[in-house]
Amino acid sequence: AQTVTQSQPEMSVQEAETVTLSCTYDTSESDYYLFWYKQPPSRQMILVIRQEAYKQQNATENRFSVNFQKAAKSFSLKISDSQLGDAAMYFCALIQNTGGFKTIFGAGTRLFVKA
Amino acid sequence: KAGVTQTPRYLIKTRGQQVTLSCSPISGHRSVSWYQQTPGQGLQFLFEYFSETQRNKGNFPGRFSGRQFSNSRSEMNVSTLELGDSALYLCASSLAAGWAKNIQYFGAGTRLSVL
């Protein structure tokens with residue numbers, strides 16, 4: 001069975017500093033995607049970044065980047081130049097090609113940003 | 001373009017009742033997925049619909065059901081409500097034009113409280 005593990009329930013970062021959120025996963029499939037979603041207090045889930053498993057190059061979206069280690073099944077999110085608006089719950093997610101979408105989410109990491 | 005719309009935003013029911021939640025996907029999106037979010041279990045996949053057919057299903061009892069209409073709008077029904085069904089129910093839509101087009105966009109959710 002596929003699993004997604006986020007071992008850090010909470011993280012804290014100083015404004016303008018860099019923080020890394022960890023995620024490990026397990027799947028027997030070779031074809032899958034990985035995502036990081038952000039859920040602010042308003043509770044609307046927002047896609048932060050995604051990574052195709054077949055791509056070796058790490059995805060980057062402005063201040064957000066990932067460190068994708070396929071062999072280790074690790075998918076961490078790095079947030080650079082943290083801003084107050086980055087404070088939210090962050091979810092790591094795995095989606096496999098099962099003929100449709102079935103997304104498995106991690107438990108989430110709550111990120112606090114200190115001014 | 002309007003986002004994913006979920007109605008109602010809040011709902012209070014009593015045990016034993018049934019409830020129907022609605023989700024209108026982004027225009028042009030044909031895939032709709034449903035998730036249950038609770039503090040204890042996190043985000044759990046319920047089911048996914050594409051072109052009025054259920055393609056994937058999570059590990060939930062038969063009391064949880066759904067359907068999708070020809071205009072891609074989807075409804076989720078929970079019968080014989082239990083206290084443990086209290087949760088935030090999230091809907092997500094996707095183009096589903098192909099495996100690579102699987103970015104899901106989430107609605108703000110329906111908060112269901114069962115008394």
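Work out the charge dipole of the protein assembly as shown with +1 on the Cβ of Lys and Arg and -1 on the Cβ of Asp and Glu about the Cα centre, then indicate which of A:T109, B:V114, A:Q56 is farthest towards its positive end.
Value computed over the given set: B:V114.
Going toward the positive end of the dipole of segment B:34-111, with +1 on Lys and Arg Cβ and -1 on Asp and Glu Cβ, which of B:A87, B:Q36, B:Q68 do you reach last?
Of the candidates, B:Q68 comes out farthest on the positive side.
Just need log10 I(q)/I(0) for the protein assembly as shown at q = 0.16 Å⁻¹, Debye formula, equal scatterers on the alpha-carbon atoms, no solvent, rounded to two decimals.
-1.14
Charges on Cβ only, +1 for Lys and Arg, -1 for Asp and Glu, centred on the Cα centroid of chain A; of A:Q14, A:Q44, A:N67, which one is farthest towards the dipole's positive end?
A:Q44
Any idea what the dipole of the protein assembly as shown comes to, in debye rounded to 20, about its Cα centre with Lys/Arg Cβ at +1 and Asp/Glu Cβ at -1?
It comes to approximately 460 debye.
In terms of Cα to Cα distance under 13 Å, which aspartates and glutamates are near enough to A:K70, apart from those fewer than 8 places away along the same chain?
The reachable aspartates and glutamates, counting only those whose Cα sits under 13 Å from A:K70, are A:D26, A:E29, A:D31, A:E52.
Starting from the Kirkwood radius over alpha-carbon pairs of chain A, derive D by Stokes-Einstein at 10 °C in a medium of 1.306 mPa s and give it in µm² s⁻¹.
Result for D is 111 µm²/s.
Looking only at the protein assembly as shown, where both bridge partners belong to it, what percent of the DSSP beta bridges are antiparallel (to the nearest 5)?
Of all bridge pairs located within the protein assembly as shown, approximately 90 percent are antiparallel.
Could you compute Rg(Cα) / (2.2 N^0.38 Å) for segment A:30-85, with N its residue count? It would help to have the intermediate numbers written out before the result.
Working: Rg = 12.3 Å, N = 56, 2.2 N^0.38 = 10.2 Å.
Cα Rg divided by the expected 2.2 N^0.38 Å: 1.21.
Between B:A2 and B:F60, what FRET efficiency comes out of the Förster formula 1/(1 + (r/R0)^6) with R0 = 25 Å and r the beta carbon distance, rounded to 0.05?
Step by step, r from the Cβ atoms, then E = 0.30.
With θ taken as phi - 60° and the coefficients 6.51, -1.76 and 1.60, list the Karplus ³J(HN,Hα) couplings across segment A:8-22 in order, rounded to whole Hz; mark glycine and proline as x.
10, x, 9, 9, 9, 9, 7, 3, 6, 8, 10, 9, 10, 9, 9
When DSSP beta bridges are limited to those with both residues in chain B, what percentage is antiparallel, rounded to the nearest 5?
Antiparallel: roughly 90 percent of the beta bridges in chain B.
What FRET efficiency comes out for the pair A:N62/B:T38, r = Cβ-Cβ distance, R0 = 30 Å, nearest 0.05?
For R0 = 30 Å, the calculated efficiency reads 0.40.
Just to verify a number: what accessible area does A:Y54 come out at with the full protein assembly present, 1.4 Å probe, Å² rounded to tens?
140 Å²
Take B:T14 and A:Y54, extend 7 Å from each Cα along the Cα→Cβ direction, and tell me the distance between the two endpoints in nm.
5.6 nm
Please identify, among B:G40, B:G58, B:G16, the residue showing maximal mean-square fluctuation in a Gaussian network model of chain B using a 10 angstrom Cα cutoff.
B:G40
Evaluate the charge dipole of chain B about its Cα centre and quote only its size in Debye, nearest 20, assuming +1 on the Cβ of each Lys and Arg and -1 on the Cβ of each Asp and Glu.
It works out to roughly 160 debye.
Find the eigenvalues of the gyration tensor of the Cα atoms of chain B, then list the square roots of 5 times those eigenvalues as equivalent ellipsoid semi-axes, largest first, in whole angstrom.
They are 24, 14, 13 Å, listed from largest to smallest.
What does the convex hull of the Cα atoms of segment B:54-115 come to per residue, in Å³, rounded to a whole number?
Spelled out: Cα convex hull of segment B:54-115, divided by residues, is 107 Å³.
Can you list the equivalent-ellipsoid semi-axes of segment A:1-66, largest first and in whole Å, using the square root of 5 times each Cα gyration tensor eigenvalue?
Numbers: eigenvalues 102, 47, 33 Å².
Semi-axes, largest first: 23, 15, 13 Å.
What does the extension gain come out to for A:S30 and A:Q69, with contour length at 0.36 nm per residue minus their alpha carbon separation?
12.7 nm
With +1 on each Lys and Arg Cβ and -1 on each Asp and Glu Cβ, and nothing else charged, work out how big the dipole of chain A is about its Cα centre, in Debye to the nearest 20.
Numbers: 11 positive and 10 negative charges, 25 e Å.
Dipole of chain A, to the nearest 20 debye: 120 debye.
The values are calculated or read from the model by the stated rules, or taken from the named source; none is laboratory data. These numbers were taken from a predicted model, which means no experiment stands behind them. With ideal geometry, Cβ positions are generated from the backbone for all residues, glycine too; neighbour counts draw on all protein chains shown. We work out accessible area using only protein heavy atoms, side chains counted, and drop any ligands, DNA or RNA first. Shrake-Rupley method; radii C 1.70, N 1.55, O 1.52, S 1.80 Å.
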